[in-house]
Structure formats: structure tokens, C-alpha cells
Amino acid sequence: MTIIGQIKKITYSLLRILIFRKGRQVCINGQLIRFPIEYSRYYPEGYEIEKQKFIEANCHGMTLDLGAHIGLYTVIMSRLSTVVVAVEPSPKTRKALTNTLFLNNSSNVAIISNAISDKSGISTIFMTNDDVSNANSLFVAGKPHKVNTVCIDSFGVDFNFIKIDIEGAELLALRGASRVLKKVQAMTIEIHPEILESTGQHKSEIWEILDSENASIMHEGKVIDKIEFERITGPFEIQVVFPMHGAEK
């Protein structure tokens, strides 16, 4: 760690002890959330508005947060859910997540340290130098670390809502969820085409899995077809609902 980094760490520690024991409250698109002081400026007002609106409208019951990071969506989901299973394999990020959940009294969240893949086992996760990076991945993106993996179906839970933001492992997650996908009612998924293609996968496989369950797929607030889906470039977010999997909130 650099001298500047050490000074920042000491400064935040002192602020946390002397002033911000209860964290710092910020407003993200109308949601008041407390974060540890050192991460309280991470998300700007107006961050991912469409995604948050979709979560607020569809999240209920048993929910799964894949790539929980420092807890923005985990806290929001906890306020709407019976139980949230939050998956975050990075130790430093998981510590920040734990603190965020504590500051927001999110007691209905179970934190899982495994990475999500298409099967249970052992894999390598690549972590960037950022202490709470949201770009840690099962695919080459930083320093390698061994991690235990699980698949969604292995939880043995019929999730009502799933959020997926796992930096290129989204297709693996869906492959390991064949049972859950027959009952889940809504999902939000961040897709990374370049990472997928670098590992011999393609985003079209995600469409095929979702389409096989008669899903309605939306991007930027409107329903899209396969042709429109294929035209989208760069990392992008889709919202997914399963009309045939009717739910009672």
C-alpha cells in the first residue's frame, strides 16, 4: 500500500471511530442507505435508475443477489424480501458488505462466500487491486485466488427474484439454474459480451436459455427481440420477467 493509501486508511478509521460509527447516510434514487464512511461516495445519485426501479417493482419473497458488492442492492432487496441470499466471494468486499448490512439493520440477509458457476467445485477468481472492486471475475482480470463454487440450483431454494452482476460468469450462473429458472418470476442480469467471447461463450446462449422459459426480455425500459438483443454492444443490463411463472406478492 502506498503512503497516500495508508494515510487514507488511517483517516477513515479515525472518522469511523470519532464521528461516523453509524456510517454515512446517502440517498440513491429515493432510497436512504447507510454505508461505511470510506464507501459512502461510491454510488452517485441517479445510479442505474432503471435497474433500481425494476428491483423495487419485482423483488419479493426469497431472493438471490449474485455479486452483492458493498450492498447497495442487497439492502434494497432486504427491504422488499422475506430472505436475501447475497453472494460475494471477495473477502475485502464481503467485509464492506457485512458492515453495510449491519448499518442498515438488514438482518434477513445470508451472506455466501462462494463464487457462482455452473457446478459446485473449486475455481479461480481474479481480483483487481481495488479493495472493493466491482470487477472481480472468474475470468482473467487481476490476481488469481482459489475459491469454492456453487451453482444456483444447489441452494435448493425456489427463488422469486434474482439479480446477477458477476462480471462475465452470468452464462455459467444460468447454466447452473435449470431447476430454479422454471419457477423464478423476475431477474435483472448484467451481460459482458467481450468477457463471454474471450472464453468461447456468446451472449446468444443467454438469450436461448431465457427464451426456452418463455421469458420477456427488456433493455432500457422496453421489450426487445433476439435481433435487437444481438445488436447491443459492450456491457449491458437486461430485465427479465417470466409471465408463465405467475406470482403472488
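Per the Debye formula with a single identical scatterer at each Cα and no solvent contribution, what log10 I(q)/I(0) holds for region 48-241 at q = 0.18 Å⁻¹?
Computed log10 I(q)/I(0) values: -1.31.
Just need the relative contact order of region 48-241 here, percent rounded to a whole number, with Cα pairs under 8 Å and 6+ apart.
Answer for region 48-241 is 19 percent.
Between region 83-120 and region 204-234, how many Å separate their Cα centres?
Computed from Cα coordinates, the inter-centre distance equals 28 Å.
What spacing in nm lies between the two simple spin-label points modelled at E197 and S107, each 7 Å away from Cα in the Cβ direction?
5.0 nm
Compute the distance in nm between two label points, each set 7 Å from the Cα along the Cα-to-Cβ direction, one at L32 and one at I49.
It is 2.2 nm.
If you add up the charges near L32, with Lys and Arg at +1 and Asp and Glu at -1, over every other residue whose beta carbon is less than 15 angstrom from its beta carbon, what do you get?
That works out to +2.
Apply the Karplus curve 6.51 cos²θ - 1.76 cosθ + 1.60, θ = phi - 60°, to the phi angles in region 201-206 and return the couplings in whole Hz, x for Gly and Pro.
10, 8, 4, 4, 5, 5
Once you order the gyration tensor axes a ≥ b ≥ c over the Cα atoms, which shape class does region 143-199 get: rounded for a/c under 1.5, otherwise prolate or oblate by comparing a/b with b/c?
oblate
Which FRET efficiency value, to the nearest 0.05, is calculated for Q25 and K146 with the Förster distance at 41 angstrom and r the Cβ-Cβ distance?
After rounding to 0.05, the efficiency reads 0.65.
Packing-wise, with mean Cβ within 10 Å as the measure, how do 173-183, 159-169, 44-54 rank, highest first?
The packing order, highest mean first, is 159-169, 173-183, 44-54.
Using 7 Å Cα-to-Cβ label points, what is the S154/K182 separation (nm, one decimal)?
2.1 nm
Over region 148-209, what is the relative contact order in whole percent, taking alpha-carbon pairs under 8 Å and six or more residues apart?
38 percent
If each residue of separation counts as 0.36 nm, what is the full-extension length gain between E208 and T124 once their alpha-carbon separation is subtracted?
27.6 nm
Laboratory data are not the source of any read-out in this text; all were calculated from the coordinates shown. Given the structure is predicted, the values throughout are model-derived calculations rather than measurements. Note that we place each Cβ from the backbone using ideal geometry, even for glycine, and neighbour counts take in every protein chain shown.
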